[in-house]
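What follows is calculated from the coordinates using simple rules that are stated; it is not laboratory data. Note that the structure is predicted; figures quoted are calculated from it, not measured. Heads up, the Cβs are rebuilt from the backbone with ideal geometry, glycines too, and the neighbour counts pull from every protein chain shown.
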Amino acid sequence: MGGALAALAISLSAKSEPVPIRAAIFRMLGKVYGQVVAIGALLTLITGIGLTMSLARSGVGMGRPGVIVMQGAGLIAGILVLAVVVPTANRIATLARRLSDGQLPPGIPELRRRQLTVSLIALALGLVSLLSATLWR
């Protein structure tokens, strides 16, 4: 979540930069999302599934509401990151390579809005996941 939050902050602060710098930032963020955020989300999903299987085998804690909310929210957040946020960052990075007359291609603002919206939803679900198992016992 930390890498995604940092990338989100950089993306939002890039708004005030000149177009060539924004294009470079978008290209770099595509790599950050692909090489850091995607790997973190995938590892989180894998370890979450492993925890679920371990709890199911032992029969301890599976029925607790906090654990159920943690599993559901974490699973949805991970899928959103891998299915929407990372591919959108890659599309933005690809489009940012096509500067023409010092302007970004027209599809970038819509893709950035989608990425921001889905990233914030995934972040909220990730926080719900973390807090539910800890606070809801």
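Brief remarks on what is shown
- Considering only Leu75, Leu43, Leu29, the Gaussian network model of the chain with Cα springs below 10 Å gives its largest mean-square fluctuation to Leu43.
- Rounded to the nearest 500, the 222 nm mean residue ellipticity of the chain from helices alone is -25000 deg cm²/dmol, with -39,500 (n - 2.57) taken per DSSP H run of at least 4 residues.
- Structural size metrics of the chain, computed from C-alpha coordinates, are Rg and Dmax of 17.6, 63 Å.
- Most mobile listed residue (Gly72, Gly34, Gly126) in the chain, GNM with C-alpha springs under 10 Å: Gly72
- Taking Cβ atoms as reference points and 15 Å as the exclusive limit, the residues near Val84 contribute a net charge of +3, counting Lys and Arg as +1 and Asp and Glu as -1.
- If you plug the beta carbon distance of Arg91 and Thr52 into 1/(1 + (r/R0)^6) with R0 = 35 Å, you get a FRET efficiency near 0.65.
- Overall, the chain carries a charge dipole of about 60 debye about its Cα centre when +1 sits on the Cβ of Lys and Arg and -1 on the Cβ of Asp and Glu, all other atoms neutral.
- For the range 1-125, the relative contact order works out to 34 percent when only alpha carbon pairs closer than 8 Å and six or more residues apart are counted.
- Chain lengthening between Ile10 and Trp136 when straightened (0.36 nm per residue, less Cα-Cα): 42.0 nm
- Once both labels are positioned 7 Å from their Cα atoms along Cα-to-Cβ, the gap between Ile21 and Leu42 label points is 3.4 nm.
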